[in-house]
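Data block below; observations after.
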Amino acid sequence: MSFDLRLRRRLGGRTIALDCVADARLIALIGPSGVGKTSILNMVAGLLRPDEGHVRIGGDTLFDSASGIDRPAEDRHAGYLFQDLRLFPHMRVDRNLRYGRRPDGALSEDDVLAFLGIGHLLHRMPSTLSGGEAQRVAIGRALLSAPRFLLMDEPLSGVDRARREEILRLIERVRDELRLPILYVTHDLHEAERLADRIVEMPDG
Amino acid sequence: MSFDLRLRRRLGGRTIALDCVADARLIALIGPSGVGKTSILNMVAGLLRPDEGHVRIGGDTLFDSASGIDRPAEDRHAGYLFQDLRLFPHMRVDRNLRYGRRPDGALSEDDVLAFLGIGHLLHRMPSTLSGGEAQRVAIGRALLSAPRFLLMDEPLSGVDRARREEILRLIERVRDELRLPILYVTHDLHEAERLADRIVEMPDG
Amino acid sequence: MDFSLSPQDWTVIGLSLKVSLVAVATMLPIAFALAWILARWRFPGKLLLDALVHLPLVVPPVVTGWLLLLLFGINGPIGSRLDQWFGVTLLFRWTGAALAAAIMAMPLMVRAMRLSIESVDLRLEQAAQTLGASPLRRFLSISLPLSLPGIFAGAMLGFARSIGEFGATITFVSDIPGETRTLPIAIYAALQVPGAEAAVSRFAIISVLLSLGALLISEILARRATRGRMSYVL
Amino acid sequence: MDFSLSPQDWTVIGLSLKVSLVAVATMLPIAFALAWILARWRFPGKLLLDALVHLPLVVPPVVTGWLLLLLFGINGPIGSRLDQWFGVTLLFRWTGAALAAAIMAMPLMVRAMRLSIESVDLRLEQAAQTLGASPLRRFLSISLPLSLPGIFAGAMLGFARSIGEFGATITFVSDIPGETRTLPIAIYAALQVPGAEAAVSRFAIISVLLSLGALLISEILARRATRGRMSYVL
Amino acid sequence: QERGPLLLAAASMQEAMTAAADAWAARGHPRPVLSFAGSSALARQIRAGAPADLFLSADEDWMDDVEKAGFVMRGTRADLAGNRLVLVRPANRRVSLRIGRNMPIARALGRGRLAMANPDSVPAGKYGKAALTALGVWPSVAGKIARADNVRAALALVERGATPLGIVYATDARAGNGVAIVGAFPPGSHPPIRYPLARLTGSRHRDAEGFRRFLLSSAGRAILARYGFSAP
Ligand SMILES: Nc1ncnc2c1ncn2[C@@H]1O[C@H](COP(=O)(O)OP(=O)(O)OP(=O)(O)O)[C@@H](O)[C@H]1O
Ligand SMILES: Nc1ncnc2c1ncn2[C@@H]1O[C@H](COP(=O)(O)OP(=O)(O)OP(=O)(O)O)[C@@H](O)[C@H]1O
Ligand code: MOO
Ligand SMILES: [Mg+2]
Ligand SMILES: [Mg+2]
């Protein structure tokens, strides 16, 4: 089972929950705005503590309220593309990209730069990037951190059509060649259908 | 002529330029990431000073480097949806929505809240909103400021499919009933074709 | 230690509070304006203004008091005019003590406020601008509330500094019971009397309690003012 | 005014610089730790710690000096142990002057740093965490650089305060030429003599120049450290 | 109730002048307002035009300064009191030393210091330096002085055991709980210690002259004597 997620958490008066066991390479998480998709990613990444449940990915148990396991976020090796990007404002793009790099990274930096088309931005500060440029840098940072799995929160928002296709192909490569489990949030059904072997729709609670 | 834009500005080593005279109700501005779409909107809004050119919308001259006209942003009455939203973090949603409200607003608050589906968020602080919720609140704030024209930077990014359709209908109503000129940035050709009577593609410089 | 307070003690405490509160309240808008100018404006003499603001911190308090005496004395350039035009003198008056305290508190207040003003995101002010907000409204609704942490910190620092101010005060307005005898001056007076350690400790503890109260209030206000703003989804 | 400086004057200036720099350098990490704890931690005695940090601001400097004398004097609880175990005494030493200056500078340094730490966006630290950064690396690469404005402001305030420190120093370590006679102490001594205004002004101007230099350096460093970060598309 | 005249007095006069003001008030006069600070600060305040009636200085130089600047009412300056200079030690530490020419004070100090007010600027320090010079021992201790900013601070250093010896006024040592007097300096070893009193030109208070005369009267001097001050 690449994914075995069972999560429950109360947040501001509503309950956010997901039950999903699947041997999928890429799960697309869809659902209306505010249903809790980002919160689910935060729980899987170790940034938001579930009230109960467990998180198992690729056989690794990252969290289990029953047995008290709760691996800190820095040991979960998630490649997390945040919905709000969170580029480090005081570092140039190259330092942002290299921040999480580990020696055992399977993706080469040159590849990622080429696919994302950000090679010319390496010496820029994040505050000078356009929306789509920042989005692509954030994707690059997540990919280059030698992750064991990927969490991608609407990765193609703000990306133009031409780049879109290249990034989709990059994600497919990561999925197929590197075989990284991917949890993928999107509002675009086409995207979901193209990429995912499992689509999970979070119901409006 | 509802739009008469002629703008030129150097920014970080490249030149961003637009020439566009059109009697369109809604112009869709498309083009690759980093080409300068957001910068154009900033120039029209009065937040970025063009090196030269002019901005005339609905017969009003907002900027003209030749005659030295440069109306300050607060007198341009733009309804600007920022790509990075810029909700005021220290105000609840309702105060954010009411911040720009003028007595002569043509859109009723109830209408806007219903179309955007944000009536239940009025008492929340922006930091607790999900991505799509924040996006819709920012759209609402721009619409409720009784604008003379609208600048919308990728308004549907992060919005789920169901809401998408409603918001598109709202924008069509604003375009047709209120007859507000709209400058609309998007990466989605379908969206552009559905809404715009003129599509301007900014060429990669 | 005997903690019963005599009527004179209460006078000292009341006076200290009055002097410090008036000093902070008066200096608050001035310090904010200075902080604003230093944070937002660019002009040739800026570093000089910055240095001037820091002056009361750098120069020993006694020298500051002496300069105040030169400026606000009967024959001083400011003092003589205050006297002629308004019949007002600050010498030996609690208002003079408040002036001294305010001057000494200024650099601390300005720095704290400036740090906060500098961390206000200018993009938010731009957003307010497109929404039709005048500069004044932008200031009142965006910049001011977003720099509240610095304003509270500055007010707190200023109050604490005022409560503790001694050197400039005694040099400028001397030690007049009921008029300029604040807590530190009472402490100094007690230190001149052999074996008055108990009185010294008592007054020192009162000073600390006053500031503790101010600290508590400022923390509560700051927390209330920034509530919700920082609650990221954690 | 005669501005030629005697060898003694140079000694005073050098000593002032040494004392202030050592005070700020020593207090910097301590103040940052305190600021961090006050900004980030939550624990029962927090308000008390906060009050303790403010203490040297609230209590008149002479009283602080007197407390230092009690603690670090030959018979004091700390002083006697320092003497026994390490053969070290701070009394009448420039190290004692540095201690006094550091203590007096502490509240200002902590407050400035705390303001900056509190304005660091916690979401960035979360991002670093998912990228595998240990708490230490998160601190060094995210929190610390993002609070640099407060660190510079704090160091600057602390240095200015140290350069101006008088009351606690003279009470604790007295006035020993070449050892503890810093600028304010020299100024005070000059003020005791009728007609020594020229000497006072000279020393006061030197103090101001020193701080002006420090101000300049801190502004330049701060600008360099935050360059690019704030340049929104304006 | 009417405010009495304002007396600016050296800090070391605090207890004596408080008692004198009480005694004057007990005779049915409005109680004088007393303000204590260092003589130098008070003199500067007077020169800045401070509205005070009387000035009691611990230092003739500062009274001279004020007088030269024209702030002393003619014919009102008079010496109110005198004082003596003593050598003190911490109460709990024995020192065998007799004050006299070439006394072995340097040896008595050992590695410790001699606490006194600043010998270059503060009156008590200047008297102390004069006395030590007259006794021929100044060169042996000049490098071992802990200069305090006033007499009380020097006293505090001795009280706390920070220095084995200190030079203060007899009035300071009298009630100091942690110190003991080693001996008094012979009166001839230093210029006489005098506290000049004067009425200021700006004085308007109708009771100022009365209070001044009271202080200088035998009743006033008796109060001063109670606090250890000698006749001028
Ligand atoms: N501190 C909070 N207080 C109250 N409600 C909160 C808080 N934090 C999050 N929420 C709510 O929790 C819900 C889940 O948010 P989440 O960000 O996970 O949604 P999402 O599915 O990612 O939405 P979107 O597609 O818009 O990004 C939202 O309704 C949000 O408003
Ligand atoms: N301060 C700056 N220094 C250098 N380059 C800058 C600066 N500010 C903006 N730019 C560049 O200007 C270009 C135009 O940016 P703009 O935000 O207008 O692009 P955009 O068309 O909106 O892109 P997107 O679709 O990604 O939002 C980008 O290449 C951006 O990197
Ligand atoms: O305060 Mo004085 O002038 O040393 O007695
Ligand atoms: Mg989301
Ligand atoms: Mg853009």
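The values are calculated or read from the model by the stated rules, or taken from the named source; none is laboratory data. Values in this document were obtained by computation on a predicted structure and should not be read as measured data. In this analysis, Cβ positions are derived from the backbone assuming ideal geometry, glycine residues included, and neighbour counts consider all displayed protein chains. Accessible surface is based on the protein model in full, side chains and every heavy atom, while ligands, DNA and RNA are left aside. Shrake-Rupley method; radii C 1.70, N 1.55, O 1.52, S 1.80 Å.
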Q: Report yes if E:Gly202 is more than 19 Å from D:Phe92 (Cα to Cα), surrounded by fewer than 24 Cβ atoms within 10 Å (Cβ to Cβ) and in contact with a Phe, Trp or Tyr (Cβ under 9 Å, 6 or more places away or on another chain), otherwise no.
A: yes
Q) Which ones in segment A:3-13 are in contact with a strand residue (DSSP E or B) (Cβ under 6 Å, 6 or more places away or on another chain) and either open to solvent by 10 Å² or more (accessible area, probe 1.4 Å) or within 16 Å of ligand 2 (Cβ to nearest atom) (or both)? A) A:Asp4, A:Arg6, A:Arg8, A:Arg9
Q.
If I go through segment A:187-205 residue by residue, how many of them are at the interface with chain B (Cβ under 10 Å from one of its Cβ atoms) and outside any helix (DSSP H, G or I)?
A. 3
Q: Name the residue, out of B:Leu129, B:Leu178, that is within 26 Å of C:Gln129 (Cβ to Cβ), modelled with pLDDT under 90 and open to solvent by 10 Å² or more (accessible area, probe 1.4 Å).
A: B:Leu178
Q. Right, B:Met91: closer than 22 Å to A:Ser39 by Cα and aliphatic (A, V, I, L, M) or not?
A. no
Q: Test E:Asp65 against the criterion of being in contact with a Pro (Cβ under 8 Å, 6 or more places away or on another chain), closer than 27 Å to C:Ala189 by Cβ, acidic (Asp, Glu) and surrounded by fewer than 24 Cβ atoms within 10 Å (Cβ to Cβ), and give yes or no.
A: yes
Q | Criterion (within 16 Å of ligand 1 (Cβ to nearest atom), open to solvent by less than 20 Å² (accessible area, probe 1.4 Å), more than 14 Å from chain B (Cβ to nearest Cβ) and under 15 Å from A:Lys37 (Cβ atoms)) met by exactly one of A:Leu183, A:Leu150 | A | A:Leu183
Q.
Please count how many residues of segment E:110-136 are open to solvent by less than 20 Å² (accessible area, probe 1.4 Å), within 14 Å of E:Leu85 (Cβ to Cβ) and touching a helix residue (DSSP H, G or I) at 6+ places or on another chain (Cβ under 7 Å).
A. 9
Q. Given A:Arg141, A:Arg161, A:Arg102, A:Arg173, which one is open to solvent by less than 10 Å² (accessible area, probe 1.4 Å) and either more than 9 Å from chain B (Cβ to nearest Cβ) or modelled with pLDDT under 90 (or both)?
A. A:Arg141
Q | segment A:14-43, residues that are within 16 Å of A:Pro203 (Cα to Cα) and surrounded by fewer than 19 Cβ atoms within 10 Å (Cβ to Cβ) | A | A:Arg14, A:Thr15, A:Asp19, A:Cys20
Q | Given (1) outside any helix (DSSP H, G or I); (2) under 24 Å from D:Leu210 (Cα atoms), index of the condition C:Pro77 fails | A | (2)
Q: Could you tell me whether any residue of segment E:171-188 is open to solvent by 10 Å² or more (accessible area, probe 1.4 Å), under 30 Å from C:Gly73 (Cβ atoms) and in contact with a Pro (Cβ under 9 Å, 6 or more places away or on another chain)?
A: no
Q. Are any residues in segment D:82-134 surrounded by fewer than 24 Cβ atoms within 10 Å (Cβ to Cβ) and of a type in the set (Val, Ile, Thr), and if so, which ones?
A. D:Val88, D:Thr89, D:Thr95, D:Ile103, D:Ile117, D:Val120
**Q.** Whichever residue in segment B:60-83 is within 11 Å of another protein chain (Cβ to nearest Cβ) and surrounded by fewer than 16 Cβ atoms within 10 Å (Cβ to Cβ) and, among such residues, is nearest to C:Leu122 (Cα to Cα)
**A.** B:Pro72
Q: Could you check A:Asp84 against (1) within 16 Å of ligand 4 (Cβ to nearest atom); (2) more than 27 Å from B:Arg161 (Cα to Cα); (3) free of Cβ contacts under 8 Å to residues at least 12 places away in the same chain and say which number it fails?
A: (2)
Q. Going by the conditions given, is A:Arg92 within 14 Å of chain B (Cβ to nearest Cβ) and over 25 Å from B:Ala134 (Cα atoms)?
A. yes
Q) So which pairs qualify, if the first residue must be in segment E:123-135 and away from chain D (no Cβ under 14 Å) and more than 16 Å from ligand 2 (Cβ to nearest atom), the second must be open to solvent by 10 Å² or more (accessible area, probe 1.4 Å) and not in a helix (DSSP H, G or I), the Cβ gap must be under 6 Å, and the two must be at least 6 apart or on different chains? A) E:Ala130/E:His190; E:Ala131/E:His190; E:Leu135/E:Arg101
Q. Taking the condition basic (Lys, Arg) and in contact with a strand residue (DSSP E or B) (Cβ under 8 Å, 6 or more places away or on another chain), does D:Arg181 pass?
A. yes
Q: Looking for whichever is open to solvent by less than 10 Å² (accessible area, probe 1.4 Å) and more than 7 Å from every other protein chain (Cβ to nearest Cβ) here; the options are D:Gly154, D:Gly178. Which one fits?
A: D:Gly154
Q. Counting just the residues of segment E:44-68 that are among the small types (Gly, Ala, Ser) and more than 11 Å from chain C (Cβ to nearest Cβ), which one comes out farthest from ligand 1 (Cβ to nearest atom)?
A. E:Ser57
(Q) Which residue is nearest to E:Met63 (Cα to Cα), if the candidates are limited to segment D:187-210 and must be in contact with a Ser or Thr (Cβ under 9 Å, 6 or more places away or on another chain) and open to solvent by less than 10 Å² (accessible area, probe 1.4 Å)? (A) D:Leu191
(Q) Checking the structure you have, find out if any residue of segment C:7-17 is open to solvent by less than 20 Å² (accessible area, probe 1.4 Å) and within 14 Å of the chain's Cα centre (by Cα). (A) yes
Q | Residues satisfying the stated conditions in segment A:21-65, i.e. in contact with a Gly (Cβ under 9 Å, 6 or more places away or on another chain), more than 16 Å from ligand 4 (Cβ to nearest atom) and without any contact (Cβ under 8 Å) to a residue 24 or more places away in the chain | A | A:Leu62, A:Phe63, A:Asp64, A:Ser65
Q: Consider D:Thr64 carefully, then state whether it is open to solvent by 40 Å² or more (accessible area, probe 1.4 Å), at pLDDT 90 or above and among the hydroxyl-bearing types (Ser, Thr, Tyr).
A: no
**Q.** Matching entry among B:Leu116, B:Leu122 (being farther than 26 Å from B:Arg71 by Cβ, open to solvent by 30 Å² or more (accessible area, probe 1.4 Å) and more than 16 Å from ligand 3 (Cβ to nearest atom))
**A.** B:Leu122
Q: Go over the candidates A:Asp153, A:Asp197, A:Asp176 one by one and state the one that is touching a residue at least 24 places away in the same chain (Cβ under 8 Å) and closer than 23 Å to B:Glu165 by Cβ.
A: A:Asp153
Q | Neighbours by Cβ (under 7 Å, 6+ apart or cross-chain): first from segment D:81-110, on the phi > 0 side of the Ramachandran plot; second hydrophobic (A, V, I, L, M, F, W, C) and modelled with pLDDT under 95 | A | D:Phe92/D:Val173; D:Phe92/D:Ile176; D:Phe92/E:Ala146
